[in-house]
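One structure below.
The values are calculated or read from the model by the stated rules, or taken from the named source; none is laboratory data. The structure displayed is predicted, hence computed values, not measured ones. As a convention, Cβ positions derive from the backbone with ideal geometry for all residues, glycine included, and neighbour counts pool all protein chains shown. When the accessible area is computed, the model is the full protein with side chains, heavy atoms only, and any ligands, DNA or RNA have been set aside. Shrake-Rupley method; radii C 1.70, N 1.55, O 1.52, S 1.80 Å.
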Amino acid sequence: VQGLVEIGALEVDDPSDTHGGGEGERLTPLGQHLAQLPLDARMGKMLVYACVLGCTSDALTLAACLSRSRSPFLNPPQDRRTEADKAKRALLASGVAAGGQSDHLVLVAAFDAWAALGSERERRAFCEANFLSHEGMREVSELRREYAGALEKLGFVVARSAPVPPLSSAATGA
């Protein structure tokens, strides 16, 4: 209960009641949306805010990676750790992670590079070269699709296949 209160998903009449009991508790509008998402409330809040802030794709990847029990990066044998570290640094130098030092950004960069490849063969070779689990990346892709579908169902994102109508000058105030 306390965690839901902390992220703004639940209001309680008695703030000292951190054990919950149902009486005097109600979901906030944010909480009502989070309750409909198929993931942890904190990850759900990240996705909702990402939609507002315009970084939905990266947040979907991050939520999918963090929702799995294991990282998509493989634990290399001792004699290949230097090679694996070098591959990670190369990913950090590319894409969204360019110049960053974040493990989260390297996850996003790895997924983006993997997803941009055209064939299954290229994706497998990329995974092997970068010490990634091909199955793990496929799971991340599936979770992203699931989460994006849930956000679409709630109206936070528009389906890619549906054209987005241009804003009229009256709507933008121009």
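Is at least one residue of the stretch 73-83 more than 25 Å from Val5 (Cα to Cα), part of a loop (DSSP other than H, G, I, E, B), out of contact with any strand residue (DSSP E or B) (no Cβ under 8 Å at 6 or more places or on another chain) and in contact (Cβ under 8 Å) with a residue 40 or more places away in the chain? So far as the stretch 73-83 goes, yes, one or more of its residues are more than 25 Å from Val5 (Cα to Cα), part of a loop (DSSP other than H, G, I, E, B), out of contact with any strand residue (DSSP E or B) (no Cβ under 8 Å at 6 or more places or on another chain) and in contact (Cβ under 8 Å) with a residue 40 or more places away in the chain.
For (1) of a type in the set (Asp, Glu); (2) over 11 Å from the mean Cα position of the chain (by Cα); (3) open to solvent by 30 Å² or more (accessible area, probe 1.4 Å), each residue gets a yes or a no:
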| site | (1), (2), (3) |
| --- | --- |
| Asp40 | yes, yes, yes |
| Ala63 | no, no, no |
| Pro77 | no, yes, yes |
| Arg81 | no, yes, yes |
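To keep it simple, each residue is scored yes or no on (1) in contact with a helix residue (DSSP H, G or I) (Cβ under 8 Å, 6 or more places away or on another chain); (2) surrounded by fewer than 19 Cβ atoms within 10 Å (Cβ to Cβ); (3) at pLDDT below 85.
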{"site": "Ile7", "(1), (2), (3)": "yes, yes, yes"}
{"site": "Asp14", "(1), (2), (3)": "no, yes, yes"}
{"site": "Gly20", "(1), (2), (3)": "no, yes, yes"}
{"site": "Leu30", "(1), (2), (3)": "yes, yes, yes"}
{"site": "Gly54", "(1), (2), (3)": "no, yes, no"}
{"site": "Pro72", "(1), (2), (3)": "yes, no, no"}
{"site": "Lys86", "(1), (2), (3)": "no, yes, no"}
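How do the pairs read when you match residues in the stretch 101-112 that are outside any helix (DSSP H, G or I) with residues anywhere that are small (Gly, Ala, Ser) and open to solvent by less than 60 Å² (accessible area, probe 1.4 Å), using Cβ under 7 Å and keeping only pairs 6 or more apart or on different chains? Qualifying pairs under 7 Å: none.
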